[in-house]
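K.L.:
Handing you a structure now.
The values are calculated or read from the model by the stated rules, or taken from the named source; none is laboratory data. All figures in this text were calculated on a predicted structure; none of them were measured in a lab. So basically every Cβ, Gly included, is an ideal-geometry build from the backbone, and we count neighbours across all protein chains shown. Please note that ligands, DNA and RNA were not included when accessible areas were found on the heavy atoms of the full protein model with its side chains. Shrake-Rupley method; radii C 1.70, N 1.55, O 1.52, S 1.80 Å.
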Amino acid sequence: MSTPSPPIAIIGAGLSGLTLALALHAHSIPSKLYESRPSPLDIGGAIMLSPNALKILDTLGVYKHIASLGFQFEKLSFRSHDDTPIDDFGFGSRDKHGFKALRIYRYQLINVLLSMVRNAGIPIEYNKKFSHVTYETPENITWSFADGSSATARLLIGADGIHSRVRKHIHPNLTPNFTNMIGVTAAVPRAQLQAGPEYPLPVTIMSPQHGAFVIAPQRADGSEVLIGKQKRLEQEYDRAGWDELLENKSWCVDFLRQGSQDFPPIVANAVSDIPLEGINLWPFYLVPKLDTWTKGRVVILGDAAHAIPPTAGQGVNQAFEDVYTFAGVLARTTEQCQFPEGGRDAVRMSAALKKWQLGRQARVDKVLELNDRLNKRRLPDAGEADDLEPFDLDWLYGVGFEESIAEWAS
């Protein structure tokens, strides 16, 4: 009787890693998660899930557990500094795309995914910070952790975010580029806005002096709203520096209030009382386009492989597309997921993963183009822009994942 091969290793037990584990499990592919933090992630702030990602989460059995936890909506409104409507951007439609968009707290989604991973019997080890690959064989890969221990797997998947340590094995000299932009957000009661139920939310209100002010309902009943602004920041910090900046709550409050008199009254109401516990700060980083997401038995995906600015709210949604299609390609390409050196399986797998990467990168590039169009619509003089055609988002929300998987794995 042959010895069973070790499971696929997933570095990072955040949204991407947990969802990848469930996607692999759906194909009866065993995996094991390793997380550098000492406990499950409990990151503040909400995320936006659009129909393309919700379709994946529904297929994996996740959506039924989260649908009632978040705020469902269909569009984002853009308005000028004098509250004149500029444009709308569709984020979801149950009638057209099967789902409304869902704004849900990140920790709530992580808790649901974590529960499902545990119920599936997928192991997770915490306090395991990836260090470096030590060697590969025709069947397996072995690597070390920062604590001096080591592990072996059939494949090593880096789902460890934009500052990925696994990525350094493939691209040792690459570091993410700080965009010199940060986002500062807070959470306040919706009643504080003093806006009637007819006022369009979520909304982005543009000021020629101060840029965009975002107001987006969250929690299932919409009783809480996120408020936020972006700021240019010339100085970059390390993690400790960012944490220290975030701890300066008075600075964050002052920034959110700055220029509120130049916006409609709803903004002044929103910033009139800002609870300190709901404040978050997000530095924006970008990963340059990579020529490869794989090296031997190492694969990176999600934010480790590409970075998408938050304009269209597609960052985590595209990460979910990565992990779901990767699991499908892996399952279709070879039943045993083996890479015999010099064998046909190795050649086939290499070709399939290359097609997967190229297909996914092409879609990410299209999302980046959408971001550019959306940014133009957000300018104060958008009414005079040449391109005022409605957004056609069927390609984004109505994608056929199984068809793409079949093509890439063929």
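K.L.:
Please work out which one of (1) open to solvent by 10 Å² or more (accessible area, probe 1.4 Å); (2) charged (D, E, K, R); (3) within 27 Å of Asn173 (Cα to Cα) is the condition Asp322 fails and give its number.
P.N.:
Of everything listed in (1) open to solvent by 10 Å² or more (accessible area, probe 1.4 Å); (2) charged (D, E, K, R); (3) within 27 Å of Asn173 (Cα to Cα), Asp322 misses just condition (1).
K.L.:
While we're looking at this one, here's another question. Just the residues that are touching a residue at least 24 places away in the same chain (Cβ under 8 Å) and either polar (S, T, N, Q) or out of contact with any Gly (no Cβ under 9 Å at 6 or more places or on another chain) (or both), please, taken from the stretch 93-106.
P.N.:
Selection gives Ser93 alone.
K.L.:
Tell me the residue from Ala327, Ala304, Ala268 that is open to solvent by 30 Å² or more (accessible area, probe 1.4 Å) and at pLDDT 95 or above, please.
P.N.:
Sole residue among the options that is open to solvent by 30 Å² or more (accessible area, probe 1.4 Å) and at pLDDT 95 or above: Ala268.
K.L.:
Quick check on this structure: which one of Pro172, Pro197 is free of Cβ contacts under 8 Å to residues at least 60 places away in the same chain, assigned to a loop (DSSP other than H, G, I, E, B) and not assigned by the TED database to the domain that holds Leu246?
P.N.:
Numbers: Pro197 fails: not assigned by the TED database to the domain that holds Leu246.
Pro172 is the lone residue from the list that is free of Cβ contacts under 8 Å to residues at least 60 places away in the same chain, assigned to a loop (DSSP other than H, G, I, E, B) and not assigned by the TED database to the domain that holds Leu246.
K.L.:
In the stretch 75-107, which residues are open to solvent by less than 30 Å² (accessible area, probe 1.4 Å) and assigned to a loop (DSSP other than H, G, I, E, B)?
P.N.:
Ser80, Phe91, Gly92
K.L.:
Working carefully through the options Arg79, Arg94, Arg103, find the one that is within 21 Å of Val323 (Cα to Cα) and of a type in the set (Lys, Arg).
P.N.:
Values: Arg79 fails: within 21 Å of Val323 (Cα to Cα); Arg94 fails: within 21 Å of Val323 (Cα to Cα).
Of Arg79, Arg94, Arg103, the one residue that is within 21 Å of Val323 (Cα to Cα) and of a type in the set (Lys, Arg) is Arg103.
K.L.:
Filter the stretch 42-74 down to the residues that are surrounded by fewer than 17 Cβ atoms within 10 Å (Cβ to Cβ) and either part of a strand (DSSP E or B) or not small (Gly, Ala, Ser) (or both) and list them by number.
P.N.:
Applying the first criterion (surrounded by fewer than 17 Cβ atoms within 10 Å (Cβ to Cβ)) to the stretch 42-74 yields 42-44, 58-59, 61, 64-65, 68-69, 74.
Selection gives Asp42, Ile43, Asp58, Thr59, Lys64, His65, Leu69, Glu74.
K.L.:
Take the residues in the stretch 353-374 that are among the polar types (S, T, N, Q) and open to solvent by less than 10 Å² (accessible area, probe 1.4 Å); name whichever of them is modelled with the highest pLDDT.
P.N.:
Gln357
K.L.:
Something else: List the number of the failed condition for Ile110; all other conditions in (1) open to solvent by 30 Å² or more (accessible area, probe 1.4 Å); (2) touching a residue at least 12 places away in the same chain (Cβ under 8 Å) hold.
P.N.:
Failing condition for Ile110: (1).
K.L.:
Residue by residue through the stretch 136-193, note down the ones that are open to solvent by less than 30 Å² (accessible area, probe 1.4 Å), closer than 29 Å to Thr325 by Cα and among the hydroxyl-bearing types (Ser, Thr, Tyr).
P.N.:
Thr142, Ser144, Ser164
K.L.:
I've got another one for you. Output yes when any residue across the stretch 150-162 is touching a residue at least 60 places away in the same chain (Cβ under 8 Å), under 23 Å from Pro283 (Cβ atoms), in the same structural domain as Leu24 (by the TED database) and of a type in the set (Ser, Thr, Tyr), and no when none is.
P.N.:
no
K.L.:
Note down all Cβ pairs under 9 Å where the first residue falls in the stretch 213-230 and is hydroxyl-bearing (Ser, Thr, Tyr), the second is at pLDDT 95 or above and assigned to a strand (DSSP E or B), and they're at least six residues apart or on different chains.
P.N.:
Ser223/Pro189; Ser223/Pro217
K.L.:
Please verify whether Phe339 is of a type in the set (Phe, Trp, Tyr), over 16 Å from Val367 (Cβ atoms) and at pLDDT below 85, treating the condition exactly as stated.
P.N.:
Judged against the criteria, Phe339 is a match.
K.L.:
Hey, can you tell me all the residues within the stretch 220-246 that are within 26 Å of Gly161 (Cβ to Cβ), open to solvent by 30 Å² or more (accessible area, probe 1.4 Å) and not aliphatic (A, V, I, L, M)?
P.N.:
Across the stretch 220-246, the qualifying residues are Gln230, Lys231, Arg232, Glu234, Gln235, Glu236, Tyr237, Asp238, Arg239, Asp243, Glu244.
K.L.:
Being closer than 17 Å to Ala13 by Cβ and charged (D, E, K, R) is the filter here; which residues of the stretch 116-158 pass it?
P.N.:
Arg118, Glu125, Lys128, Lys129, Asp147
K.L.:
Is one or more of the residues making up the stretch 19-35 touching a Gly at 6+ places or on another chain (Cβ under 8 Å), open to solvent by 30 Å² or more (accessible area, probe 1.4 Å) and touching a residue at least 40 places away in the same chain (Cβ under 8 Å)?
P.N.:
yes
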